[in-house]
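A.B. asks: My questions will all concern the structure given below.
No lab work stands behind these numbers, since they all come straight from the coordinates. Model, not experiment: these values are computed from the prediction. As a convention, Cβ positions derive from the backbone with ideal geometry for all residues, glycine included, and neighbour counts pool all protein chains shown.
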Amino acid sequence: RGQALLHPTHRIRKVTAKLVLENLKYKPMRSLLSFLLIGIPVTLILTLVGLSHGMLADAERRARGSGADIMVRGRDAKAILSGGTATLSEKFLDFFGKQPHVTAVMGVVTHAVELPLVVNGVDLEQFDKVSGGLHFLAGGRFQGAEDVILDQYYAKQKKKHVGDTIQILNRSWRVSGIVEGGQLAHILVPLKTLQELDGYTGKLTLVYLKLDDPANTQMVIGSLNHLLPGYTIWSMEDVASQLRESVNSQGLNEFIAVIVGIGVVIGFAVVCLSMYMAVLQRTREIGILKSLGGSKAFILRIVWAEALLLGLGGTAFGILLSYGARWAIEALKPASFQVEIVYAWWPITAAITLAGATLGALYPGLSAASHDPIEALAYE
């Protein structure tokens, strides 16, 4: 009696849902493979987006981990993510230290080792004054000219412990300490040693300034720009902005757009093939439905609903795989690559996948809806 009282639209929806679920259960392996093939481009999209966000966040976190309010580069300042030429004289340290509101200064030499990783040559006494000091998890400060301090991520990536030897810059270094991540760089060596190795004795790549009050940052920058025209003088917010621009200028957005296009094509192809094969296998069933009064719209709705379920299932599968991809990347290269789970992209990838699924269901759906019921019933 309850069934009889249902509105016809509700009965149609209930029948459609049951038919769709039974169709997916009828060929479980085909459904599972469809979920997997649709999920792979979803995983690629989410992993690429997560990689760009993660690496940018890590770079910004390490820049702020210096504890400084202002960063100064020489006249050659261009790429902020890689090592740069040391053109600033160490004499600038005294000059900057005498400026109003500047309480501490630190000079740094940078050297790219394996992109995007950079070695920073630092004077730990200067670093302590600017940042408040390193937070050691094991070991301690430099004991010799060929000591190195690693952060926890690079130490994990290279499987190194305090006292081990590591090859960097074509020479052996002794690991004197391991520190928390996010403190200026993944790899720190004595400033004088790196200056000598690179032939930059008495020169610096960067100078970091600590102010008495961050509110004075723009005023100090304005004064320094007047005194040092042509030099690059940034607040740490400017550094974060430059990092974002540097990442975006590498063609990453265009690459993600290509992957999105591939995702749509794969979703279309997988759903089209899957649904076309399903229509061929269910020709007699379609004939029975049409002989019982099923309209073309009803048949098309069944195919379309099944395609949407495949798209949603593939999206969910892809999201799960993205967690696996993040775990694998961070297990193998925790210092070189950081991946974030960007939840805002979940609905975007779902919309992309459903668009491909809808397009893929169009031809099989129209084909099924156009079947002649007599021919369909006689189909072998």
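A.B. asks: Looking only at segment 123-238, where both bridge partners belong to it, what percent of the DSSP beta bridges are antiparallel (to the nearest 5)? Provide the component values of the computation, followed by the final result.
C.D. replies: On the way: 9 of 14 bridges.
Bridges in segment 123-238 are about 65 percent antiparallel.
A.B. asks: Pop a pseudo-label 7 angstrom from the Cα along the beta-carbon direction at both D128 and A57 and give the gap in nm to one decimal.
C.D. replies: Each label point lies 7 Å from its Cα, and together they span 3.3 nm.
A.B. asks: What are the residues whose amide H is under 5 Å from the amide H of V113, where those residues sit 5 or more places off or on another chain and H is modelled from the backbone?
C.D. replies: Amide H to amide H, under 5 Å and 5 or more residues apart or across chains, V113 pairs with V118, V119.
A.B. asks: Between A104 and residues 5 or more places away or on another chain, which pairs have amide H atoms under 5 Å apart, with H built 1.01 Å from N, and which residues are they?
C.D. replies: Amide H neighbours of A104: K210.
A.B. asks: Could you give the length gained by full extension between L366 and A257, i.e. 0.36 nm per residue of separation minus their alpha carbon distance, to one decimal place?
C.D. replies: Fully extending the segment from L366 to A257 adds 36.2 nm.
A.B. asks: If the limit is 26 Å between Cα atoms, which of K91/K158; K160/K192; K91/K192 go over it? Working shown, then result.
C.D. replies: On the way: K91/K158 37 Å; K160/K192 24 Å; K91/K192 15 Å.
Pairs exceeding the cut-off: K91/K158.
A.B. asks: Classify segment 115-192 from the C-alpha gyration tensor, please: rounded if a/c falls under 1.5, else prolate or oblate depending on whether a/b exceeds b/c. Kindly include the intermediate steps, with their values, before the conclusion.
C.D. replies: Numbers: a/c = 1.38, a/b = 1.26, b/c = 1.09.
Rounded is the answer for segment 115-192, as its axis ratio a/c remains below 1.5.
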